[in-house]
1. Once amide H atoms are placed 1.01 Å from N in the peptide plane, what residues at a sequence separation of 5 or more from Glu204, or on another chain, have their amide H within under 5 Å of its amide H?
2. Quick one: 3J(HN,Hα) in Hz for region 196-206, Karplus 6.51/-1.76/1.60 with θ = phi - 60°, rounded, Gly and Pro as x.
3. In nm, give the distance between the simple-model label positions of Ser137 and Thr55, each being 7 Å from the Cα along the Cα-to-Cβ direction.
4. With the Cα gyration tensor of region 124-211 in hand, convert its eigenvalues to equivalent ellipsoid semi-axes via √(5λ) and list them largest first in whole Å.
5. Write down, largest first, the equivalent ellipsoid semi-axes of region 61-154 in whole Å, where each equals the square root of 5 times an eigenvalue of the alpha-carbon gyration tensor.
6. Residue by residue through region 35-48, which ³J(HN,Hα) values in whole Hz follow from phi under the Karplus form 6.51 cos²θ - 1.76 cosθ + 1.60 (θ = phi - 60°), with glycine and proline marked x?
7. Can you compute 3J(HN,Hα) from phi for each residue in region 109-114, using the Karplus curve 6.51 cos²θ - 1.76 cosθ + 1.60 with θ = phi - 60°, rounded to whole Hz and x for Gly and Pro?
8. Test of understanding: what is the full-extension gain from Arg48 to Ala123, defined as 0.36 nm times their sequence separation minus their Cα-Cα distance?
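Quick note: the coordinates plus some simple rules give every number you see, no bench work behind them. Not measured: the values here are computed from a predicted model. FYI the Cβ positions are ideal-geometry reconstructions off the backbone, even for glycines, and counts take in every protein chain you see.
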Amino acid sequence: MQTLSLLFHDVYATDPRESGFASAAADRYKLSAAAFDAQLQGIARVRRDVPLLVTEPGRLNASGGRSTQDPFVITVDDGGVSYYTMVADRLEALGWRGHCFVSTDAIGSRGFLDAPQIRELDARGHVIGSHTASHPSRFSACSVDRMQQEWVRSRQALEDVLGHEVIVASVPGGAYSSTVARTALSAGVTTLFTSEPMTASRDEHGCRVLGRFTIRRGDSPDTARRLMLPAPWTRWSAWASWNAKGLVKPLLGSAYPRIADVVLGGSVTRTPKTTADSTRHA
Ligand SMILES: [Zn+2]
């Protein structure tokens, strides 16, 4: 069974700085409320099933048994306050729930979810997961000890807030490696979302690893809907774009984020993007 997972970031009413990390790089992943609504309505036009929650594996089989379409999953990274103020109500109006991945060191700080909001979202049926503690900019370059510490500390913080186990996480910045999965699993994470635009899940050291397709500012309003379609073009182009960047990244090393800023955010005319640009999200 393939799973089509979508990755969103913050959603804002008037200013991207209302929610989440405040930087030009982070802003490029934030959607206005109208843009977010357009993506959700696009999905709703072509899907009658509700998005899957990875903590309810039974639903995966039920959905797959009734439909020839891949189950879909909604995820939102970073833990910005807009999950509470903008995202949750919109999902719930459609009868949907999503996954909210929290950078736990930011809990309660300006623009981020606080503990009561996280508890309420959990009670409303959203899945709360870890997005590490400090959101390192190049997570896969961290030492094994640091990775381990980030997962352990973040999980502990969320479990202290929620009072129950947290077993789902997403990788910050899309900086994934096999070691990232291994350290996540050893810290108790059994399902890990990357930003690799692929629908196949895989098992890494016993940790279930799922890719995601990023929806970012400037994407066509029907990007999410087109990703839902059986025709693979949109998914393929997302993968091709991501993979191309994957090839240059090792060559550029630490300069990659800066150069990617220029290439992706500069004066280059962009066609309606379906790019799952995983490495630059905040
Ligand atoms: Zn992030």
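1. Val209
2. With coefficients 6.51, -1.76 and 1.60, one gets 7, x, 9, 9, 7, 9, 9, 9, 10, 6, x Hz.
3. Rounded to a tenth, the inter-label distance reads 3.3 nm.
4. So the equivalent ellipsoid measures 18, 16, 12 Å along its semi-axes.
5. Working from the Cα gyration tensor, I get semi-axes of 27, 19, 10 Å.
6. 5, 5, 4, 4, 5, 5, 5, x, 5, 4, 5, 10, 10, 9
7. 8, 4, x, 10, 4, 9
8. Working it through step by step, the gained length comes to 24.6 nm.
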